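What follows is a set of notes on a single structure, which appears directly below.
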Amino acid sequence: MIDTDKYKGHSTGWKHKINHSTYSIINDDGQKVASVPCYEECNKDSQLIADAPLLLAEIKRLREGIAGLVSSFNSQTVKNQLKELIE
């Protein structure tokens, strides 16, 4: 399981842009978060890095949704299976 608490306070709104031979990942404040050298997959790699805050938000949303389902089920087996997904 990924401990998402260690990411609290991260910047959001990252985007990627090309600068000559590298893709740069820039946060909302215009600061460079990371750079990826350009090679065949560099655009995909930089987009993955830029989407990291969105992926983290989705993990948190899904965990909260599953936790909500746990409380609504009567079956202990289903509750245990759902808890395993988020722990």
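Taking every DSSP helix (H) stretch of at least 4 residues in the chain, weighting each as -39,500 (n - 2.57) and dividing the sum by the residue count yields a mean residue ellipticity at 222 nm of -15000 deg cm²/dmol. Rolling a 1.4 Å probe over the heavy atoms of the protein chains gives the chain an accessible area of 73 Å² per residue. Of the accessible area of the chain, computed with a 1.4 Å probe over protein heavy atoms only, carbon and sulfur atoms account for 53 percent. Once the Cα-Cα distance is subtracted from the 0.36 nm per residue extended length, the Lys32 to Lys15 segment shows a gain of 5.1 nm.
Contact order for the chain, expressed relative to its length and based on alpha carbon pairs under 8 Å spaced 6+ residues apart, stands at 22 percent. In Å, what Kirkwood hydrodynamic radius results for the chain from the alpha-carbon pair distances? Result for the chain stands at 15.1 Å.
The values are calculated or read from the model by the stated rules, or taken from the named source; none is laboratory data. Keep in mind that this is a model prediction, so the values were computed, not measured. Calculation scope for accessible area: heavy atoms of the full protein, side chains included, ligands and nucleic acids excluded. Shrake-Rupley method; radii C 1.70, N 1.55, O 1.52, S 1.80 Å.
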